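Single-structure report; data block below.
The values are calculated or read from the model by the stated rules, or taken from the named source; none is laboratory data. From a predicted model like this one, the values you see are computed outputs, not experimental measurements. A quick note on method: Cβ atoms are made from the backbone with ideal geometry, for glycine too, and the neighbour counts reach across all protein chains shown.
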Amino acid sequence: MIRLFRTSIRNKLIAFLLAAVIVPLSTSIVITYGYTKRTVAEERIGVTSSLLVQGKENIRHYMDTIHQTTLSVYNDNTLNLILQTGSTDYLSEQETYRALVHMANAMTDVYQVYLYMDRPKQPYLMINGLFKRFPTEGPPFRPNLGAAEVVVEPPHPSGTYGYPQTPYIEPAVVMTMHRSIKRVPASEEIGTLSVDVNMKGLVAMCESLYDRTREELYILDDEGRVIYGPDDRRWGNRIGEGWDAELLSRPEPSGSVSWKGERFQGIQVYNRLETGYLKWTIVKRIPDDVLYKQARDLTRINTFVLVAFSLLSIGVTVGVAFLFTAPIKRLLGYISAIQKGDMNVNIDMKRKDEFGILAARFRSMMQHINNLIVKEYRLELANRTNQLKALQAQIHPHFLYNALQSIGTLALQMNAPHIYKLISALGKMMRYSMNTAETSVPLSKEIDHIRSYVELQRQRFDGKLSLAIEADEETLRSEVPKMMLQPIVENYFKYGFDPASGEDGELVVRCRVEENDALVVTVRDNGRGADPERLNEVRRLLRRAGKGSDADSEEPDGGGIGLLNVLSRLKLVYGERADMRIEAVQPHGFEVTLTIPWNRNEARV
């Protein structure tokens with residue numbers, strides 16, 4: 001499969017055109033799904049939060065009504081007096097009956113009301129209009145509220161508080177609000193009141209806040225017990241699945257948090273209901289499959305569109321690919337014929353488009369190829385001739401060097417040592433310059449080359465020339481670029497040395513190491529020197545060469561090209577750490593100073 005795409009432009013074109021359609025649509029689907037998913041989630045969370053706020057206010061009002069019902073023990077002066085005195089006579093019990101009937105009828109959801117008087121230790125129970133005074137099962141029930149004044153007991157099956165069961169009254173699931181009754185203004189407890197409220201009213205309010213078939217709603221108290229949940233078997237118990245403890249520990253009074261558990265994966269929106277007598281957390285849990293249903297539906301639609309467009313694109317793409325590649329296939333047939341040796345094949349493609357132009361250019365190219373075949377043989381002959389000349393050019397320097405060695409030996413045999421010395425100097429120079437494998441040499445080799453060169457020049461000028469070398473031993477072992485000093489010394493003989501002046505020529509080469517680990521080489525002569533204008537011109541050219549400018553285009557004379565070449569080579573090797581300075585010498589002469597980095601470890605080798 002991969003080979004088909006590598007070798008066929010038609011397959012590549014089909015793949016490219018399909019990708020040009022499928023990739024943008026696929027990317028659009030992914031982006032749209034992500035955006036829709038985020039938008040739907042944010043919108044759903046916002047709507048759910050608003051719904052929980054409204055539900056919280058309804059539940060608060062509902063619980064406040066129960067709370068106000070329990071406060072009637074303080075609003076009813078007669079009952080409050082009976083509680084303080086502990087009276088249990090007939091009239092007191094009638095007033096107690098009246099008060100309990102009023103509490104039981106204050107709300108339709110009140111299942112029963114239980115009153116316990118501390119002083120006479122007398123309990124009373126009002127259930128469905130039936131007033132009970134004497135329990136038959138053990139001592140009277142008295143709720144333990146601790147230090148709290150009001151406690152809301154989570155949902156539980158309704159009890160009898162020790163009284164016999166009433167046959168025609170069905171048990172129910174209730175939540176109980178227990179109140180400690182105090183002697184006002186003192187804080188002495190004189191009794192307790194327990195109001196059992198049927199869960200039907202709270203259940204109806206909760207069921208209006210969510211969809212039981214797809215969502216979950218919980219009301220948890222501050223201890224994590226379930227006040228309401230979709231499974232009534234868990235009412236009054238702790239859930240213990242982790243998410244409940246995580247929500248109850250959050251400091252924010254409302255918000256949303258995602259949860260990934262074994263039983264549930266989705267968003268949990270919560271809102272806290274806090275009053276002076278209770279602290280509940282209302283939690284609505286929306287599974288991911290419900291939360292993102294709209295985003296998935298939109299993705300399915302987009303996917304259907306993608307498949308439809310893909311099928312259409314395949315048909316169009318294959319047609320376009322064949323339309324564009326058919327001329328190429330035809331040209332390949334012509335090329336195959338040419339490859340087999342038919343150089344006069346008739347390339348017949350009468351088209352006006354780019355393929356027609358390509359065919360015409362191909363015909364023209366073949367005509368040129370046929371015309372150039374004859375020239376190819378001539379070029380091959382010329383090429384072999386050049387190879388022979390190059391081989392000869394390689395042989396000549398070795399021949400000359402060996403010939404010089406023979407002449408030098410003959411000079412010794414003829415008792416002409418001076419001639420042997422000059423021939424040896426010339427041979428050393430040739431060997432040094434012929435060795436192209438070396439790009440850098442020890443400074444000592446470079447100075448030996450200068451000695452040989454000056455020795456030949458001394459013979460040329462009848463010995464009116466001297467060379468002085470002032471160098472430390474450690475500097476002579478330093479590696480420097482080859483032929484670094486030759487152009488500088490050669491400039492002296494081209495432009496500085498004047499045999500007619502009657503003064504002997506002097507060359508001084510000094511090598512030293514400065515404190516900043518820089519090797520400084522100075523070449524000084526007593527020649528004609530340079531006038532200030534020419535000196536400034538050469539300095540300007542050197543500055544431009546140091547910056548990488550094309551200074552050679554100005555074609556300087558008077559030694560400028562040699563100095564520029566040396567500086568350019570040093571900059572190439574050492575970069576900005578290399579430098580060249582030129583100075584005039586009084587009363588006449590010229591001085592060139594080279595500065596390059598010095599490697600201490602390299603010099604000690």
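Number of residues in segment 276-319 that are within 20 Å of V23 (Cβ to Cβ) and among the aromatic types (F, W, Y) equals 2. When segment 451-500 is filtered for residues that are in a strand (DSSP E or B), small (G, A, S) and more than 25 Å from N599 (Cβ to Cβ), the ones remaining, listed by number, are S466, A468. The residue pairs whose first member lies in segment 460-477 and is more than 25 Å from E515 (Cβ to Cβ), whose second member is among the acidic types (D, E) and in a loop (DSSP other than H, G, I, E, B), and whose beta carbons are closer than 8 Å, counting only pairs six or more residues apart or on different chains, are K464/D504; L465/D504; S466/D504. For the structure I just gave you, tell me whether R285 is on the phi < 0 side of the Ramachandran plot, surrounded by 16 or more Cβ atoms within 10 Å (Cβ to Cβ), touching a Pro at 6+ places or on another chain (Cβ under 7 Å) and at pLDDT 90 or above. Judged against the criteria, R285 is not a match.
Inside segment 434-485, residues that are closer than 18 Å to L570 by Cα and over 56 Å from the mean Cα position of the chain (by Cα) make up a count of 1. Filtering segment 263-303 to residues that are in contact with a Lys or Arg (Cβ under 8 Å, 6 or more places away or on another chain), within 30 Å of H67 (Cβ to Cβ), part of a strand (DSSP E or B) and of a type outside the set (D, E, K, R) leaves Q268, V269, Y270, N271, L273, W280, T281, I282. Among the conditions (1) part of a strand (DSSP E or B); (2) touching a residue at least 40 places away in the same chain (Cβ under 8 Å), the only one that G201 does not satisfy is (1).
Of the residues R179, R225, R183, the single one that is out of contact with any His (no Cβ under 6 Å at 6 or more places or on another chain), closer than 21 Å to Y277 by Cα, of a type in the set (K, R) and crowded, with 21+ Cβ neighbours inside 10 Å is R179.
Taking the criterion of being under 16 Å from E537 (Cα atoms) and surrounded by fewer than 16 Cβ atoms within 10 Å (Cβ to Cβ), the only residue of segment 584-598 that qualifies is A584.
Residue-by-condition table, conditions (1) among the aliphatic types (A, V, I, L, M); (2) modelled with pLDDT of 90 or more:
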residue	(1), (2)
I9	yes, no
I22	yes, no
T27	no, no
R38	no, no
I66	yes, yes
V73	yes, yes
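The residues of segment 500-559 that are within 11 Å of F590 (Cβ to Cβ), touching a helix residue (DSSP H, G or I) at 6+ places or on another chain (Cβ under 7 Å) and modelled with pLDDT of 90 or more, listed by number, are L507, V523, D525. Screening D232 against (1) in contact with a helix residue (DSSP H, G or I) (Cβ under 8 Å, 6 or more places away or on another chain); (2) in contact (Cβ under 8 Å) with a residue 24 or more places away in the chain leaves a single unmet condition, (1). For L83, are the conditions met, namely being touching a residue at least 60 places away in the same chain (Cβ under 8 Å), assigned by TED's automatic domain parsing to the domain that holds L273 and not in a loop (DSSP other than H, G, I, E, B)? In short, yes. Of all the criteria given as (1) farther than 27 Å from Y62 by Cα; (2) assigned to a helix (DSSP H, G or I), the one not satisfied by A99 is (1).
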